Structures are given as C-alpha cells and as structure tokens.
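The values are calculated or read from the model by the stated rules, or taken from the named source; none is laboratory data. Just so we're clear, the structure is a prediction, and the values are computed from it rather than from any experiment. Every residue, glycine among them, receives a Cβ derived from its backbone with ideal geometry; neighbour counts consider all protein chains shown.
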Amino acid sequence: MSAVLECAGLDAGYSNGRPCVRGLDLTLAAGEVLCLLGPNGAGKTTVLNTLAGLLPRLGGTVRIAGAEIGSGRARKASRAGLVLVPDDRALFTGLTVTQNLELARKRSGPAVADIVEYFPRLGERLGVRAGMLSGGEQQMLAIGRALMQKPTVLLIDELSMGLAPVIVEALLPVIRRVADDRGTAVILVEQHVRLALATADTAVVLAHGQQVLHGPAAELAADPQRIERAYLGAAEGATA
Ligand SMILES: Nc1ncnc2c1ncn2[C@@H]1O[C@H](COP(=O)(O)OP(=O)(O)OP(=O)(O)O)[C@@H](O)[C@H]1O
Ligand SMILES: [Mg+2]
C-alpha cells in the first residue's frame, strides 16, 4: 500500500538550542494507526507540533501523498491534511458543540451528524457550551473538530490527558473505526501503553529524541520487557 505520510530524517526542537528530536523516519499507509510512545520529555509533542507546522523543522522532509510540505506552515499542513488534536484540546469553550464543529468544517468536510455517529454522546450535548462538557466529552469534541477538517493524517496528542482509563478504553475503538472506515492515518501519542498497542497497527518508541524501537504493535504488546527497555533509552540491538 502506498504511503500517505512520509517523514524522513526529521530533526525538531526549539529556537534556542540543538534539536531535541533527531533523524526520525515515519511512514504511514492509509488507515494505519501508529502509536508514538516514550517517556516524559522524549519529544513526542515536539514531533506532532512539527508535523502540524506549529514548529519549524530543523531538518528532514515531510510528504503527504507524495507532495512535500514546507516547514513551519501550519495552515498549509492542515490544508494538506495533517490535522492535530492538541493535548489542551483547543476548544471554543463559550460556543456550543455544534458551533465548535461547524467552525472547524472544511469545505466538503463531514456533517455534524457524521461526527455524532462516531460519538453518540455528543449528539445529546449539541446545544451545550464546550466549557460545560466533561473531560471525555471535550476530547470527543476535539477529535470531532479534527474530523470536520477531513484529515489525511490525524495527529492526536495525549488522548487520555485527564481521563479515566475506562473513558480511554471507550475512545480508542472509535479512533480505530475512523481509521478503518475513512482510511485516515493516525499518529496517536498515548501514555496507556497496553491500550495504545491494542488499538494500533504499529508502534514507535522515542527516547531522548531518538527512535529506539519500531515494530508491529501486536508483536511489541507480546513483549512488554522490550518496551520497558526502550523506555529506558536502549536502542534495539544494544546490549544491556
Ligand atoms: N516550548 C519549549 N521550549 C523549549 N524547550 C521545550 C519546549 N517544550 C518542550 N521542550 C523540551 O523539548 C523536549 C521534548 O519535549 P516534549 O514536550 O516534546 O516531550 P513529550 O515526549 O511530549 O513529553 P510528555 O510525555 O511529558 O508530554 C524536552 O526536553 C522539553 O523540555
Ligand atoms: Mg507531550
């Protein structure tokens, strides 16, 4: 299957220093869910923000469906189909659920009813202001807003931020369904490793800004010690 996202040799970081992510290669096919794992400070958010054009790239290339995306161009990246659900969810808290969804809608994007099909709970809350929603409902709305933009690649940072595991367990299958139904590729940053691996096709572990492990999610789920070693920063092939 041909790649929808090709990210090669990505260096990323902040203006006043050396790259904190170095030489990252990521390739995703349509409908593929990749979970990006790693300890705090590994560079996961930096990768997503750089792919979404919120941070300029310090090196490397990013292509969506073969077309190169310029560095640090958030509007262009989103128009090209790279859509971020940030960890703070970025909702208009004073506007209703419907208004939040409609404002995000790209031309030829889905209808509110299509989003409600994925998240029936939102259907019961359409007239409620986003600031009055529960944490789980707010995350549903944040994902719904991203879907209104017809993403080719959906970037989700910390799906579970502030949510009980039971809510995360309910949300992850919806992400899987979106990927399967719509062919949307997904990069999922998630702290619940077991749940993330059960949802994803592939997994990458970042430690200290470098990829230390990459493989099929099911294979990695069967070998938790390999993941643990990677979290400690041990690259595959390195001797303990
Ligand atoms: N705005 C910033 N300015 C300078 N350095 C930053 C900034 N944000 C993050 N960093 C640094 O970049 C590195 C990677 O941070 P990043 O937020 O990408 O990690 P993360 O993997 O998302 O961690 P977490 O799991 O805690 O969310 C860290 O060393 C962090 O201190
Ligand atoms: Mg982060």
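Some values worked out for this structure:
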item	result
A111 vs. criteria over 27 Å from L163 (Cβ atoms) and either in the same structural domain as G136 (by TED's automatic domain parsing) or away from ligand 1 (no atom under 16 Å from the Cβ) (or both)	no
Condition check for R63: in contact with an Asp or Glu (Cβ under 9 Å, 6 or more places away or on another chain), within 16 Å of ligand 1 (Cβ to nearest atom) and farther than 23 Å from H192 by Cα	no
A29, sole failed condition from (1) among the hydrophobic types (A, V, I, L, M, F, W, C); (2) more than 16 Å from ligand 2 (Cβ to nearest atom); (3) buried (at least 24 other Cβ atoms within 10 Å of the Cβ)	(3)
Every residue from the stretch 41-88 that is within 16 Å of ligand 2 (Cβ to nearest atom), surrounded by fewer than 21 Cβ atoms within 10 Å (Cβ to Cβ) and at positive phi	G41
Odd one out for F119, checked against (1) outside the structural domain of R89 (by TED's automatic domain parsing); (2) over 19 Å from I187 (Cα atoms)	(1)
Condition broken by G162, with the remaining ones in (1) surrounded by 22 or more Cβ atoms within 10 Å (Cβ to Cβ); (2) outside the structural domain of A104 (by TED's automatic domain parsing) satisfied	(1)
Candidates L213, L232 - the one that is on the phi < 0 side of the Ramachandran plot and surrounded by fewer than 18 Cβ atoms within 10 Å (Cβ to Cβ)	L232
Qualifying positions in the stretch 180-201 - under 18 Å from S2 (Cα atoms) and surrounded by fewer than 22 Cβ atoms within 10 Å (Cβ to Cβ)	D180, D181, R182, G183, D201
Residues of the stretch 120-141 satisfying the condition of being farther than 18 Å from A90 by Cβ and part of a helix (DSSP H, G or I)	P120, R121, G123
Subset tally (residues that are under 19 Å from H208 (Cβ atoms) and touching a helix residue (DSSP H, G or I) at 6+ places or on another chain (Cβ under 9 Å)) for the stretch 20-33	4
Which numbered condition L103 fails, given (1) more than 18 Å from the chain's Cα centre (by Cα); (2) of a type outside the set (G, A, S); (3) not in a helix (DSSP H, G or I)	(3)
Hits in the stretch 16-30 (condition: among the hydrophobic types (A, V, I, L, M, F, W, C) and farther than 23 Å from G66 by Cβ)	C20, V21
Selection from the stretch 27-40 of residues that are more than 16 Å from ligand 1 (Cβ to nearest atom), of a type outside the set (A, V, I, L, M) and on the phi < 0 side of the Ramachandran plot	T27, E32
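Yes or no, residue by residue, for (1) under 21 Å from R145 (Cα atoms); (2) assigned by TED's automatic domain parsing to the domain that holds A146; (3) not hydrophobic (A, V, I, L, M, F, W, C):
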| site | (1), (2), (3) |
| --- | --- |
| A3 | no, no, no |
| D11 | no, no, yes |
| L34 | yes, no, no |
| N49 | yes, no, yes |
